1. Let me know the mean shielding of B:61-69 by other chains, meaning the per-residue number of their Cβ atoms within 10 Å of its Cβ.
2. Using only protein heavy atoms and a 1.4 angstrom probe, determine the accessible area buried between B and A, summed over both sides, in Å² to the nearest 100.
3. Against the 2.2 N^0.38 Å scaling, with N counting residues, where does the range A:1-73 land? I'd like the Cα-based Rg ratio to two decimal places.
4. Provide the per residue accessible area, probe 1.4 Å, for the range B:8-110, rounded to a whole number of square angstrom.
5. Under a crude label model (7 Å from the Cα following the beta-carbon direction), how far is B:ASP25 from A:GLU46 in nanometres?
6. Using a probe of 1.4 angstrom, how much of the accessible area of the range B:8-110 is carbon and sulfur, in percent?
7. Give, in nm to one decimal, the length gained when the segment between A:MET1 and A:GLU128 is fully stretched (0.36 nm per residue of separation minus the Cα-Cα distance).
8. Report relative contact order for the range B:8-110 in percent, whole number only (criteria: Cα-Cα under 8 Å, sequence separation at least 6).
Amino acid sequence: MTGEERFLNSATRGLIKNARLAAQAELRSHLHERVQQLVLAGEPEEGARVQAIRELGPAPIIARSLRRGEHVHPALSALALTGLAALLLLPLPTLFSAQFAEQWLAGVGATTATVAELRAYGAVTLPEARRQLRPLEIGLIRKDGRYVLTHAGLPNAELGGQGAGFCSSPTYSQGQDTPTFPLLPLPRHFYISMPELLSCAAESGWPLDI
Amino acid sequence: MQGSLSDGNLLRGTLDFLLLASLKDEPLYGLRIIQDVQARTQGHFNFKEGTLYPALHRLEKRGLIQAERQPSDSGGPPRKYYELTEVGRTELARQREEQRAHIAALRPYLEFA
């Protein structure tokens, strides 16, 4: 097996047969075209092959990205179904607390966009947003059922307050790929767009210097 | 996708828009899309190819683009050409307006910083 074939196998691992063959054919075509370009530009063929594969990026990352959008191998599906069946056998209704759900979802919106789509549009989870805001000494907290930005000496900037233009409250995905708590059908993560946080701060009169 | 900006979140948000926009005029295959975006943005946006194909497949599943295999004129394996669907053209127009609104909203802060 050539290095290229090993790469293609690794980059498509976990996909079901037809999807895997199609993805391999597309990547194989890409490598062929790119190698030809590099050779025409004066690169030795062996070096061109190595460079073309390197440009495609790490095979496990490609495989993971491709699996997100495709059906996975039946063995993995069976494993997931077994896990799901085990979960369904548990007395979920008794564990689910409507009151907790109400508190957990206070101050957030919902969207039909999937997590992948939210991510593609640049949304980040609240912990990720807090990590980015921490060096700026800006807090992102929930207060009285609302999410607000805080900074010493400045008024709190409410997210998604009345009259807000580009400033939205955090949102959770109703898509099938949204992570939930074990035993609780509640979204684990809420998402926010960093540019929107900028708008929230601006709308609350914060002096901004970009 | 890489770019000269350091904020990965902003860059990720433009991925779908760039892919749809690159297919506006004619069907293209993966490598040509990468090179088209690099050329038209003067190298500002540089896809990692491992990002490109999953994103193309996702857009295809959403019905925004469709793919067709065609023989390669370089004698290699068949190429998979992607083209916009009507739904994709509508989505491109929507995203273009969204990008314009986003830039317009940020402009005051950028100009007076």
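1. Mean number of neighbouring Cβ atoms from other chains: 1.
2. Chains B and A together bury roughly 3000 Å² of accessible area.
3. 1.14
4. With the other protein chains kept in place, the range B:8-110 gives 49 Å² per residue.
5. Those two pseudo-labels are separated by 4.1 nm.
6. 52
7. Extra length available between A:MET1 and A:GLU128 comes to 41.5 nm.
8. 28
The values are calculated or read from the model by the stated rules, or taken from the named source; none is laboratory data. Everything quoted here is computed from the prediction, not taken from an experiment. Every residue, glycine as well, gets a Cβ built from its backbone with ideal geometry; the counts of neighbours run over all protein chains shown. Surface areas here come from the heavy atoms of the whole protein model, side chains and all, with no ligands, DNA or RNA. Shrake-Rupley method; radii C 1.70, N 1.55, O 1.52, S 1.80 Å.
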